[in-house]
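Participant: Supplied in structure tokens, the structure appears directly below.
No lab work stands behind these numbers, since they all come straight from the coordinates. All of these numbers come straight from a predicted model, not from anything done at the bench. We place every Cβ from the backbone using ideal geometry, glycine too, and count neighbours over all the protein chains shown.
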Amino acid sequence: EYIDAVPTWQQNGPCYDCAFVITDPELQAMHGMDITCMLCFFSFKSEGICYPCAVVQWFDCIGDGPDKATGMWMVWLSFTCDHQHNLTVIHVDTIFCAAHLIPIYGWDFVPQEITLCHSYDAFNGFYVNKFFDHHAFEIVY
């Protein structure tokens, strides 16, 4: 499985994939995971040990469980107390698998100029798609 974080994807703008990150291995499913947007992958060496890392932007869950109408968890971008994007460097071993987010559209038409690379900025909330593959359905829910 590939998880991308590239500023230019096939000459169509950036591609920053989302992923499930294990934040509490003692808890099951989404209670022990969070959603992140991968912004950059890098590694560094310290005392001869290579540490593969990722810069991520966190999402917060909306509510304590899946949406009753759709059965899917809902998330929105996480911000710090001073209204900055909640960014962190994580070890790649905490990345569980890719995640697929579906915008929560609302009642208005989606402007035609919005492209895939703008969707995280254009929408306030997202459904965590449990139907995108059988792994997500079985493990995350």
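Participant: Could you give the length gained on full extension between residue 120 and residue 28, defined as 0.36 nm per residue of separation minus the Cα-Cα distance, in nm?
Facilitator: Working: separation 92, 0.36 × 92 = 33.12 nm, distance 2.67 nm.
Contour length minus the Cα-Cα distance gives 30.4 nm.
Participant: Remind me, relative contact order of the chain in percent, using alpha carbon pairs under 8 angstrom and six or more residues apart? Before the final figure, lay out each step's value.
Facilitator: Working: 252 pairs, mean separation 31.8, N = 141.
Here the relative contact order equals 23 percent.
Participant: Now a separate question. Could you calculate the FRET efficiency of residue 2 with residue 83 from 1/(1 + (r/R0)^6), where r is the beta carbon distance between them and R0 is 25 Å, rounded to 0.05? All intermediate terms of the calculation are to be shown ahead of the outcome.
Facilitator: Details: r = 33 Å, r/R0 = 1.31.
Efficiency, rounded to the nearest 0.05: 0.15.
Participant: Then there is this: Dipole magnitude of the chain about its Cα centre, charges +1 at Lys/Arg Cβ and -1 at Asp/Glu Cβ only, in debye to the nearest 20?
Facilitator: Charge dipole of the chain: 140 debye, to the nearest 20.
Participant: Relative to 2.2 N^0.38 Å, what does the C-alpha radius of gyration of the stretch 33-80 come to as a ratio? Two decimals please. Provide the component values of the computation, followed by the final result.
Facilitator: Values: Rg = 15.8 Å, N = 48, 2.2 N^0.38 = 9.6 Å.
Normalised Cα radius of gyration, the stretch 33-80: 1.65.
Participant: To the nearest µm²/s, what D does Stokes-Einstein give for the chain at 20 °C and 1.002 mPa s, using the Kirkwood radius over alpha carbon pairs as Rh? Can you show the working numbers first?
Facilitator: Details: Rh = 16.2 Å.
So the translational diffusion coefficient is about 132 µm²/s.
Participant: Give a residue-ordered list of calculated ³J(HN,Hα) values for the stretch 117-124 (Karplus: 6.51 cos²θ - 1.76 cosθ + 1.60, θ = phi - 60°; whole Hz; x for Gly, Pro).
Facilitator: After applying 6.51 cos²θ - 1.76 cosθ + 1.60, I find 6, 9, 5, 5, 8, 8, 10, 8 Hz.
Participant: Could you pull the Cα extents of the stretch 80-128 along its three principal axes, largest to smallest, in whole Å?
Facilitator: Its Cα atoms span 39, 30, 18 Å along the three principal axes.
Participant: Hey, in the GNM for the chain with a 10 angstrom Cα cutoff, which one of 62, 49, 104 fluctuates hardest?
Facilitator: 49
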